[in-house]
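Participant: Structure below; questions to follow.
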Amino acid sequence: MKIMIDAGHGPDTPGKRSPDGRLREFHFNSAVAEEVKKRLIMDGHSVLFSHQNDLDVPLHERTSLANRLKVDLFVSIHANAFGQTFNTANGLETFTYSRPHAATKELAAAVQRSLVLVTGRKDRGVKQGEFAVLRDTHMPAILVECGFMTHKQELELLKSTAYRKRCATGICFGIACFDASR
């Protein structure tokens, strides 16, 4: 399969950081994206990035690239936040577009189950959203939220290499389960 991995947001996207400023979301997203790419390539997939490490790539360019290259799957990786201060919101969730195709629902369910299993974090479920990377892509596309930067315990996890690798493992295992079911 040809898979596009998107490290959501860019390195300089305003506001996408923990309340204490110790973690920018892109640092988490890009580290997990690199690990996902490495694992998927070892499994024989072709993997492309929609983002760049030194530049905020506009959303329409990310989706246009995925559509032009006719990738089979689009996976956007994120760290969540609830408000601007630390609070109790925590857990993992996976988003699809508000009117998802059956294949997208299957991919989202497989990745969500796998992420929860591998990380042991709270299951917030598969949800629907009007995100541009989901709405404007022509292939099964999901957006994963791997924990909250606004939850003190999850922030520490998001900063750790071990947790980032567990998230990558969960995403890749979910993709493998989806691929095996086709």
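Participant: Suppose all protein chains stay in the model; what accessible area per residue would a 1.4 Å probe give for the chain, in Å²?
Facilitator: Per residue, the chain has an accessible area of 46 Å².
Participant: Please go through the residue pairs Lys38/Lys152; Lys16/Lys105; Lys37/Lys159; Lys38/Lys159; Lys105/Lys152; Lys2/Lys122 and name each one whose alpha carbons sit more than 24 Å apart in this structure.
Facilitator: Lys38/Lys152; Lys16/Lys105; Lys105/Lys152; Lys2/Lys122
Participant: List the GluC sites (Glu not before Pro) within segment 88-138 that DSSP assigns to loop and that have no more than 11 neighbouring Cβ atoms inside 10 Å.
Facilitator: Of the GluC sites (Glu not before Pro), the ones in loops of segment 88-138 whose Cβ has at most 11 other Cβ atoms within 10 Å are Glu130.
Participant: I want to check the label-to-label distance for Leu48 and Lys105. Put each point 7 Å from Cα in the C-beta direction and report it in nm to one decimal.
Facilitator: Output for this residue pair reads 2.9 nm.
Participant: Here is a further query. Just the number, please: carbon plus sulfur as a percent of the accessible area of the chain, 1.4 Å probe, no ligands or DNA/RNA counted.
Facilitator: That fraction is 53 percent.
Participant: May I pose another question? Multiplying the sequence separation of Asn87 and Ala176 by 0.36 nm and subtracting their Cα-Cα distance, what value in nm do you get?
Facilitator: Extra length available between Asn87 and Ala176 comes to 28.6 nm.
Participant: Here's another thing I want to ask about it. In terms of the Cα gyration tensor, with a ≥ b ≥ c the square roots of its eigenvalues, is segment 1-67 rounded because a/c is under 1.5, prolate because a/b exceeds b/c, or oblate?
Facilitator: The shape class here is oblate.
Participant: Now a separate question. For the chain, give the share of DSSP beta bridges that are antiparallel, in percent and rounded to the nearest 5; count only bridges with both residues there. Intermediate values should be presented prior to the final figure.
Facilitator: Working: 5 of 25 bridges.
Antiparallel bridges: around 20 percent, rounded to the nearest 5.
Participant: OK, next. Once you keep just the Cα pairs under 8 angstrom separated by 6 or more residues, what percentage relative contact order results for segment 104-182?
Facilitator: Reported relative contact order: 49 percent.
Participant: Another question, if that's okay. Hey, what number do you get for the chain at 222 nm if only DSSP H runs of n ≥ 4 count, each worth -39500 (n - 2.57), divided across all residues, to the nearest 500?
Facilitator: Calculated from helices alone, the mean residue ellipticity at 222 nm is -13500 deg cm²/dmol.
Participant: Pick out which of Leu117, Leu134, Leu155 has the largest mean-square fluctuation in a Gaussian network model of the chain, springs linking Cα atoms closer than 10 Å.
Facilitator: Fluctuation is largest for Leu117.
Participant: For Lys122 and Ser160, calculate 0.36 nm times their separation in residues minus their Cα-Cα distance, and state this gained length in nm to one decimal.
Facilitator: Details: separation 38, 0.36 × 38 = 13.68 nm, distance 1.79 nm.
Full extension from Lys122 to Ser160 adds 11.9 nm.
Participant: Using the membrane-span-like helix rule (whole DSSP H runs, Cα extent along the own axis of at least 20 Å, mean Kyte-Doolittle hydropathy at least -0.5), which helices of the chain qualify?
Facilitator: Long hydrophobic helices here: 25-42, 102-119, 161-180.
Participant: In whole angstrom, how long is each semi-axis of the equivalent ellipsoid of the chain, when you take the square root of 5 times every eigenvalue of its Cα gyration tensor and sort them from largest down?
Facilitator: 23, 18, 16
Participant: Assuming a ≥ b ≥ c are the square roots of the Cα gyration tensor eigenvalues, decide whether segment 48-150 counts as rounded (a/c under 1.5), prolate (otherwise, with a/b larger than b/c) or oblate.
Facilitator: oblate
Participant: Still on this structure, I have one more. From Cα pairs below 8 angstrom and at least 6 apart in sequence, can you work out the relative contact order of the chain, rounded to a whole percent?
Facilitator: Result for the chain is 29 percent.
Participant: Taking every pair of Cα atoms in segment 114-182, average 1/r, invert it to obtain the Kirkwood radius, and report Rg/Rh to two decimals. Walk me through the numbers on the way to the answer.
Facilitator: Numbers: Rg = 13.4 Å, Rh = 13.5 Å.
Looking at segment 114-182, the ratio lands at 1.00.
Participant: Which of the trypsin sites (Lys or Arg not before Pro) found in segment 1-105 are loop residues per DSSP with 14 or fewer other Cβ atoms within 10 Å of their Cβ?
Facilitator: Numbers: sites: Lys2, Lys16, Arg17, Arg22, Arg24, Lys37, Lys38, Arg39, Arg62, Arg68, Lys70, Lys105; in loops: Lys16, Arg22, Lys70.
When the trypsin sites (Lys or Arg not before Pro) of segment 1-105 are filtered for loop state and at most 14 Cβ neighbours within 10 Å, Arg22, Lys70 remain.
The values are calculated or read from the model by the stated rules, or taken from the named source; none is laboratory data. Keep in mind that this is a model prediction, so the values were computed, not measured. When we count neighbours, we look across all protein chains shown, and the Cβ atoms used for this are built from the backbone with ideal geometry, even at glycine. Each accessible area value is taken on the protein alone, full model and side chains, heavy atoms only, with ligands, DNA and RNA left out. Shrake-Rupley method; radii C 1.70, N 1.55, O 1.52, S 1.80 Å.
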